[in-house]
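Since every read-out is calculated from the coordinates, none of them should be taken as a lab result. Computed from a predicted structure; not experimentally measured. Cβ: placed from backbone, ideal geometry, glycine included. Neighbour counts: every protein chain shown.
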């Protein structure tokens, strides 16, 4: 009787799991990148921006090996297969815009927008033409809670960079 009760209570959960697996549902996290992105050189004008650091972390989590050093050009180049793919961050910008003000003309809502433009080259060809990615978040502002709102802005900026790195990594996982 006890075993029957356990089976009956576990059966709906098993059905849900089977349905999710059957429809292609996957938890977000590690992306499977194409073989051409096994070795990657990240080219960014600001190597310490929040987005660059987040992209570096998501690439490593997805199995890429980051190669440091200058761009390989000119004579004495390694064979195409040994040369790492190059992900260029052409544009990396965070903007803040006032969305609304109160009766005293003090801002009450802001919009943070993070924009990046990425290009990928591998094996002496462009595998991803320059493509713009953009995410934005709205947050409220209260001058009486200045310190808390400044911290909230920092948290949102870091979250936008992580989310944008995830979007770019998912896009990279679709490359051939």
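Dividing the convex hull volume of the Cα atoms of segment 31-172 by its residue count, what figure in Å³ per residue is obtained?
Cα convex hull per residue, to the nearest whole number: 108 Å³.
Place the peptides 142-149, 162-169 in order of packing, highest mean first, counting for every residue the other Cβ atoms within 10 Å and averaging per peptide.
The densest-packed peptide leads the list: 162-169, 142-149.
Label segment 89-176 by shape, choosing from rounded, prolate and oblate, from the square roots a ≥ b ≥ c of the eigenvalues of the Cα gyration tensor; if a/c is under 1.5 it is rounded, and otherwise prolate applies when a/b is larger than b/c, oblate when it is not.
prolate
If packing is taken as the average number of other Cβ atoms within 10 Å across a peptide's residues, how do 117-123, 130-136 rank, most packed first?
My ranking of the peptides, most packed first, is 117-123, 130-136.
Return the FRET efficiency for the residue pair residue 46, residue 4: r is the Cβ-Cβ distance, R0 is 45 Å, and the value is rounded to the nearest 0.05.
After rounding, the FRET efficiency stands at 0.10.
Which value in nm describes the separation of the simple spin-label points at residue 152 and residue 127, placed 7 Å from the Cα toward the beta carbon?
Here the answer is 4.2 nm between the modelled labels.
Work out how much length residue 109 to residue 91 would gain on full extension: take 0.36 nm times their residue separation and subtract the Cα-Cα distance, in nm to one decimal.
Roughly 3.9 nm would be gained on extension.
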